[in-house]
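> Can you read through this structure? Questions will come right after.
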Amino acid sequence: MSSGDSSDDYGVRLLNPDGSACEHVDFPALLGVEELKGCYGAMLRTRHLDEAATALQRQGELALWIPLRGQEAAQIGSVRAATPTDFIFPSYREHAVAWDRGLPAVEVMRLLRGITHGGWDPAAHNLANYALVLASQTLHAVGYALGLQLDARLDPRYDAQAGAPAGPEPAAVIAYLGDGAMSQGDANEAFVWAASFNAPVVFFCQNNQWAISTPAARQSRVPLAARAAGFGFPGVRVDGNDVVAVHSVTSSALARARAGEGPTLIEAYTYRMGPHTTSDDPTRYQPTGEVDHWRALDPIDRVERALAPVCDAAWFDGQRAEAAAAAARLRTATLALPDPAPDAFFDEVLVTETEEARAQRASFREYRESFQV
Amino acid sequence: MYDQFHLPDLGEGLAEAEIVHWLVRPGQTVELNQPLVEVETAKAAVEIPSPFAGVVHALHCAEGDLVPVGSALLTVATAEAPAPAGIEPDDAPPALVVGHAPVEPAAGESPRRRPRRPLHQPPATVAAAAPGTTADQPPSWPVATSSAALSDLAPLVRARPAPALSTAPAANGSAAPARARVLATPPVRKLARDLGVDLAAVRPTGPAGTIARADVTAAARLGAPASRPGAGEAPPQRAGHGGAERPLARPGERIPVRGVARQMALAMERSAFTVPQATVHRTVDVTAMLALVARWRAENEAAARPGVALTAPAVPRVTALAFIARAVVAALAAHPLANARWLTSADGSSEIEVFATVNLGVAVASDRGLIVPIIPDAGRLSLPALAGELAELVSQARAGQTPPARMVGATITVSNVGVFGVDSAAGLVREGEAALVVLGAIRETPAVWEGQVQVRQVMTISVSFDHRILDGEAASRYLGEIAAALADPPRLLLLG
């Protein structure tokens with residue numbers, strides 16, 4: 001892969017793997033100790049929930065699970081830069097993002113247990129449903145961002161000269177995608193469109209090094225962040241295992257979007273420490289030693305080292321106990337999920353059910369009931 | 001309380017998984033999410049974490065088994081709801097030995113340990129079929145002759161996991177492929193299944209030749225032929241065959257081939273279609289050898305009687321099979337090419353590798369199907385030691401407890417099809433070996449003995465050989481050496 005990008009450049013970093021802080025000329029650390037403690041708790045909880053869900057899949061309770069181990073900082077750092085009015089378009093691995101937005105953990109289980117086609121109400125947490133079709137969410141995100149622009153023009157406070165909303169906290173959009181999705185046509189169309197219309201969107205790419213079994217280095221000869229230049233907007237690589245740096249870089253990109261400066265591509269340089277999904281066996285393709293290399297860069301350990309001087313063992317124990325309890329609750333809640341009624345798939349199709357749909361529902365019910373002896 | 005854990009679909013539509021390695025043993029305490037077993041699917045090798053906390057009661061499949069999704073993996077006595085006091089062991093779910101197919105209790109039938117049925121005829125029957133033999137550990141091998149092939153099908157049928165009613169109801173409802181296609185809606189099919197009506201025997205009155213609900217209920221009243229029995233019902237058994245009860249394959253039935261049976265089938269396929277092979281036969285008078293073994297046994301029994309003064313040293317127990325096995329192994333010293341294998345390199349060149357040691361494979365019909373456990377380095381074993389190893393090998397195989405290391409690595413194999421009453425067989429040489437020695441039945445036969453016709457104990461021994469390694473002459477010489485030692489037991493001393 002001599003022509004590919006397999007850089008040792010981890011990008012913008014504010015927290016070294018040993019837990020010590022460092023500085024960056026463009027991106028100041030915005031998280032204080034209390035906020036960092038909050039991030040630690042969220043990341044630790046994420047890991048426990050992720051492990052519980054993986055076990056549930058192995059036990060036949062979930063059809064599939066998509067582990068995110070190793071990507072906790074990229075997700076928590078970025079989502080914590082967003083405001084509640086921002087709208088998030090996840091791909092399918094953004095469990096930490098979803099949970100941190102306030103979505104109950106078990107809601108994600110419903111989708112992967114196969115008892116719902118979508119999952120949750122996107123408006124409830126300004127969080128779109130997962131997109132299983134690679135990169136499709138980037139187009140949705142750009143479309144939503146364009147909608148925000150149009151909404152802003154209707155706002156009496158709109159500053160026509162600046163081309164930006166003048167009110168407080170204008171909303172922006174984050175579209176999550178992966179290194180594999182960066183090769184998709186949809187993603188590239190989204191970049192073009194976002195640039196053409198200066199859409200208030202942040203493309204947050206978690207480069208976890210593997211598109212299932214294809215290494216990121218094969219998919220790009222340049223750092224993924226460098227591709228943004230070709231579309232005419234800034235691209236930043238950030239150490240995806242550094243929650244402080246991810247938060248800072250994402251905050252900066254969202255600020256640009258709110259200020260009407262258009263899209264930004266963030267490449268969070270991280271690593272998928274587990275399989276692509278529970279159907280995958282990474283030992284078949286990962287070079288030996290690679291996991292060990294990244295284990296030393298574990299995003300949670302890094303924050304633990306940073307917090308060690310200011311938090312005592314009892315605090316860490318409390319966090320672990322809390323995370324374990326959340327995992328146990330998730331297990332119980334998942335196992336208690338009721339199967340949907342057979343005709344439930346009619347429920348979310350039409351806001352106002354038509355006569356035809358009502359007749360279909362009735363006919364389906366009748367057919368189902370004919371199974372009763 | 002007992003909880004059974006069934007193999008889930010681990011990867012979006014997988015049908016089966018191979019048991020690679022058990023990480024727990026019966027009697028072991030396990031915690032929630034503790035890794036239980038490593039399995040490999042077509043997609044991934046994964047560890048399965050325990051869904052229960054408790055004590056492992058039984059494992060239901062063996063390492064190396066290819067098990068379908070839905071099969072019972074293990075039973076755990078869970079701590080949450082302890083078993084009521086005074087529970088009888090027989091009220092526990094069937095504690096299946098590793099390697100057994102799961103047996104689901106029929107509805108309404110209390111789970112009960114099923115008596116293990118002997119797969120083989122008891123020794124008395126064997127003795128009747130082959131007078132004079134002490135073939136108390138009858139191994140077997142699949143052979144090209146039709147009668148023996150039939151005998152060997154039965155273990156395959158036994159190895160078939162019973163479909164679990166709860167997980168695979170459709171298996172019972174699907175019509176046999178040989179029949180005309182039955183037209184019926186799913187609700188009617190379910191009704192037929194619930195009422196035990198075979199749809200193929202129902203006269204359709206519905207539109208376009210479909211079977212209506214009323215047709216099924218009418219057929220049920222008239223007592224139409226029942227559909228194939230469900231998993232919980234006792235399989236039909238062949239009676240009056242020396243107590244060997246084997247389910248018969250039903251006409252039109254499709255029998256999944258899995259686990260040991262599948263491994264055997266694939267190995268046979270490779271042998272038949274990749275190894276050019278031939279067989280030589282030799283009939284030999286084994287009267288003297290049987291007499292010697294009988295005398296040793298008498299001395300052995302006499303020495304074991306209490307109160308008998310030791311006038312002579314005790315004689316170790318040696319069977320006819322052990323004697324023959326010793327001759328097979330010892331004769332290799334002068335015929336090393338019979339203990340070899342054919343190797344083809346990637347560049348197309350070929351080599352013959354002569355094995356440094358003799359690992360004697362012994363074909364044994366077990367409940368899991370035909371397996372070939374080995375006696376490692378059998379060439380250095382004395383006759384009594386070989387006899388002891390043989391006895392242990394067979395009892396382990398029957399119990400499904402052959403250590404994995406003893407399941408591979410045979411360099412030459414012996415198969416005793418005589419226990420099925422056949423006189424000789426052209427067996428299939430196993431892949432990676434040069435020769436297979438097949439033992440026919442020992443029969444009282446009129447034979448010429450010292451110039452006169454007498455009733456003698458005679459058997460036919462066959463050597464199937466890889467014709468790339470051995471030619472007819474070399475195989476015949478090897479077989480001749482074995483035959484000579486069996487006809488004239490002192491010659492065994494000259495071998496090796």
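A short reminder: the numbers here are calculations on the coordinates, not readings from a lab. What you are looking at is a predicted structure, and each value in this text was computed from that prediction instead of being measured. Note: ideal-geometry Cβ built from the backbone for every residue, glycine included; neighbour counts use all protein chains shown.
> I need the calculated FRET efficiency for the pair A:Gln360 and A:Ala314, taking r as the beta carbon distance and R₀ as 41 Å, to the nearest 0.05.
E(calc), rounded to 0.05, equals 0.10.
> In addition: First select every other residue whose beta carbon is under 9 angstrom from the beta carbon of A:Gln209; then total the charges, Lys and Arg +1, Asp and Glu -1.
Charge balance near A:Gln209 sits at -1.
> What does the net charge come to around B:Arg456 if you take all other residues with beta carbon closer than 14 Å to its beta carbon, with K and R at +1 and D and E at -1?
Numbers: positive: B:Arg443; negative: B:Asp285, B:Glu444, B:Glu450, B:Asp488.
With Lys, Arg at +1 and Asp, Glu at -1, the net is -3.
> With a 10 Å Cβ neighbour count serving as the proxy for reagent exposure, in which order, fewest first, do A:Ser279, B:Ser476, A:Ser196 appear?
Taking fewest neighbouring Cβ atoms as first place, the list is A:Ser196, B:Ser476, A:Ser279.
> Okay, next question. Using alpha carbons only, how many angstrom separate the centre of the stretch A:173-226 from the centre of the stretch A:130-150?
Their Cα centres are 13 Å away from one another.
> Net charge near A:His24: determine it from the other residues with C-beta under 15 Å of the C-beta of A:His24, scoring Lys and Arg +1 and Asp and Glu -1.
Taking every other residue near A:His24 into account, the sum is -3.
> Obtain the nm distance between the two label points defined at B:Ser350 and A:Ala226 by a simple spin-label model: each point lies 7 Å from its Cα along the Cα-to-C-beta direction.
5.5
> Between B:Thr210 and A:Phe345, how many nm apart are label points set 7 Å from Cα along the C-beta direction?
Computed distance between label sites B:Thr210 and A:Phe345 equals 1.9 nm.
> Also, I was wondering about something else. Expressed in nm to one decimal, what extension gain is obtained for the pair B:Arg181 and B:Asp377 from 0.36 nm per residue of sequence separation less their Cα-Cα distance?
So the chain would gain 64.9 nm between B:Arg181 and B:Asp377.
> Right, another one. In chain A, which whole DSSP H runs stretch at least 24 Å along their own axis (Cα) and average -0.5 or higher on the Kyte-Doolittle scale? Walk me through the numbers before you get to the answer.
Details: long enough: A:33-58 (38 Å, -0.41); A:136-154 (28 Å, 0.36); A:313-335 (33 Å, 0.07).
Sorted by number, the helices that extend far enough and score high enough are A:33-58, A:136-154, A:313-335.
> Hey, can you grab everything whose amide H is under 5 Å from the amide H of B:Ala278? Only 5+ residues off in sequence or another chain; H modelled, so Pro and N-termini drop out.
B:Phe465, B:His467
> Using 0.36 nm times the number of residues separating A:Arg368 and A:Ala160, minus their current alpha carbon distance, what extension gain do you get?
Stretched fully, the A:Arg368-A:Ala160 segment lengthens by 69.0 nm.
> Using +1 on the beta carbon of Lys and Arg, -1 on that of Asp and Glu, and nothing else charged, what's the dipole of chain A about the Cα centre, debye to 20?
Using only the charged Cβ atoms, the result is roughly 280 debye.
> Could you give the distance between the Cα centres of the stretch A:41-93 and the stretch B:433-496, to the whole Å?
Between the Cα centres of the stretch A:41-93 and the stretch B:433-496 lies a distance of 71 Å.
> Enumerate by residue number the GluC sites (Glu not before Pro) in the stretch A:20-49 meeting two conditions: DSSP loop (anything except H, G, I, E, B), and at most 16 other Cβ atoms within 10 Å of the site's Cβ.
Passing sites in the stretch A:20-49 are A:Glu23.
> When chain A is modelled as a GNM with alpha-carbon springs shorter than 10 Å, which of A:Leu177, A:Leu64, A:Leu30 fluctuates the most?
Highest fluctuation among the options: A:Leu30.
> Within the stretch A:1-93, report the trypsin sites (Lys or Arg not before Pro) that DSSP leaves as loop and that have at most 11 other Cβ atoms within 10 Å.
Taking the stretch A:1-93 and a limit of 11 other Cβ atoms within 10 Å, no loop trypsin sites (Lys or Arg not before Pro) are found.
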